[in-house]
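The values are calculated or read from the model by the stated rules, or taken from the named source; none is laboratory data. As the structure is a computational prediction, the values presented were derived from the model and not from experiment. Cβ: placed from backbone, ideal geometry, glycine included. Neighbour counts: every protein chain shown.
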């Protein structure tokens with residue numbers, strides 16, 4: 001779950017200095033209450049060092065509010081996880097039925113009743129016995145390569161066979177779902193023309209609703225055109241391609257899709273796109289080809305109860321040379337064969353803290369382009385209190401890599417921790433001069449002692 005993992009990233013980034021727990025406001029003769037908003041031009045270097053620790057402590061003090069976000073969204077996350085198979089199976093079923101109708105119509109204009117659809121599906125050995133339809137009231141209108149689906153049906157998933165002596169195996173079905181199609185307009189690859197690029201499209205204003213056996217309801221609205229483009233090395237009629245023929249690339253572009261659940265959750269995805277490429281894999285000397293996703297993008301907003309909004313933009317890219325064979329023997333990496341990947345995440349929203357809505361943002365970028373080393377940068381801002389954290393992970397070829405971190409304030413103050421797992425003490429720096437020490441006292445208790453004998457305590 002991206003959201004949950006990102007909250008953990010926030011926690012880690014916020015707690016680099018404290019190395020755990022929430023933050024308190026206890027201090028002794030701090031000398032300055034300035035955190036993230038004062039002008040650093042008029043501050044002494046000592047005050048800049050204090051501002052770094054105070055800003056860290058302020059951000060840490062919001063930890064419970066970050067945790068509250070997760071608690072607010074967790075029921076929705078669970079609900080989406082539960083209804084995702086319903087959406088996937090419903091879409092799969094509708095695409096299958098539409099494809100059968102388009103194949104049967106052969107480019108002509110034709111309308112298929114529920115009885116016609118049942119007949120086509122029952123006669124299709126390719127797709128049976130994936131689903132069992134009951135109470136079928138669907139209608140499919142075909143015009144050339146475009147199919148319009150409307151109506152409703154119940155369906156169950158194939159769950160296995162029942163074997164009875166002397167009889168053919170009997171298919172068993174379970175997990176009934178009710179599917180209501182308000183309108184689904186889509187096109188599929190030509191069934192009469194040889195092409196090298198085959199495109200599936202779902203057009204704007206399409207909408208479907210599912211209710212599963214647990215009475216969990218979900219609605220999906222396509223507010224813009226979405227498509228999947230499949231590229232092959234040669235031109236053929238799509239239906240004549242065999243399972244052994246591998247596409248050279250696949251591009252998926254989903255735009256402006258809205259997902260609604262019973263838990264007052266609305267997820268709006270401005271973009272959800274990805275690209276995959278055929279790659280030669282080698283396992284113990286045996287070569288084979290697989291489609292490997294190498295670029296993903298997500299841009300969306302999650303809303304709970306019409307008020308709690310979290311915006312997320314994320315992208316990931318595999319930077320390996322996919323024109324070269326990839327050796328996966330033993331499922332081990334090597335200096336010539338490792339996962340070269342870049343990642344970017346931006347989260348923005350509001351925290352319910354201190355009797356007000358408090359804006360926050362988190363930007364995380366990561367890059368691993370060396371066998372043993374990876375780098376990541378996190379910029380976190382809570383109500384104007386901002387920190388930059390730079391991570392360096394080394395010994396990535398080992399079971400337990402070493403993670404170092406440098407926490408910086410925009411005023412120039414910073415602390416460097418060479419090994420987060422074994423943190424004991426570090427200098428609080430401005431430029432090349434130390435203005436104090438940050439030390440672990442015990443458990444989750446940490447002290448920052450400055451050169452003027454001021455002490456700021458960071459504690460849960």
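Looking only at residues that are in a helix (DSSP H, G or I) and over 36 Å from the mean Cα position of the chain (by Cα) in segment 118-129, which one is modelled with the lowest pLDDT?
Restricting to residues being in a helix (DSSP H, G or I) and over 36 Å from the mean Cα position of the chain (by Cα), the top hit is 122.
If a residue counts only when it is over 25 Å from residue 380 (Cα atoms), which strands (runs of 3 or more DSSP E) contained entirely in segment 286-361 have at least 1 such residues?
Here the list reads 286-304, 308-318.
Quick one: which residue in 53, 83 is in contact (Cβ under 8 Å) with a residue 12 or more places away in the chain, buried (at least 17 other Cβ atoms within 10 Å of the Cβ) and within 28 Å of residue 201 (Cα to Cα)?
83
If a residue must be touching a strand residue (DSSP E or B) at 6+ places or on another chain (Cβ under 6 Å), in a loop (DSSP other than H, G, I, E, B) and loosely packed, with under 15 Cβ neighbours inside 10 Å, how many such residues does segment 144-170 contain?
1
Take the residues in segment 92-112 that are under 21 Å from residue 132 (Cα atoms) and free of Cβ contacts under 8 Å to residues at least 40 places away in the same chain, then tell me which one is surrounded by the fewest Cβ atoms within 10 Å (Cβ to Cβ).
92
Looking at residue 77, is it under 29 Å from residue 227 (Cα atoms), modelled with pLDDT of 65 or more and buried (at least 21 other Cβ atoms within 10 Å of the Cβ)?
Considered against the rule, which asks whether it is under 29 Å from residue 227 (Cα atoms), modelled with pLDDT of 65 or more and buried (at least 21 other Cβ atoms within 10 Å of the Cβ), residue 77 comes out as no.
Is it true that some residue in segment 383-400 is more than 30 Å from residue 42 (Cα to Cα), part of a loop (DSSP other than H, G, I, E, B) and touching a residue at least 24 places away in the same chain (Cβ under 8 Å)?
yes
Can you spot a residue in segment 402-425 that is surrounded by fewer than 20 Cβ atoms within 10 Å (Cβ to Cβ), modelled with pLDDT of 95 or more, more than 31 Å from the chain's Cα centre (by Cα) and assigned to a strand (DSSP E or B)?
yes
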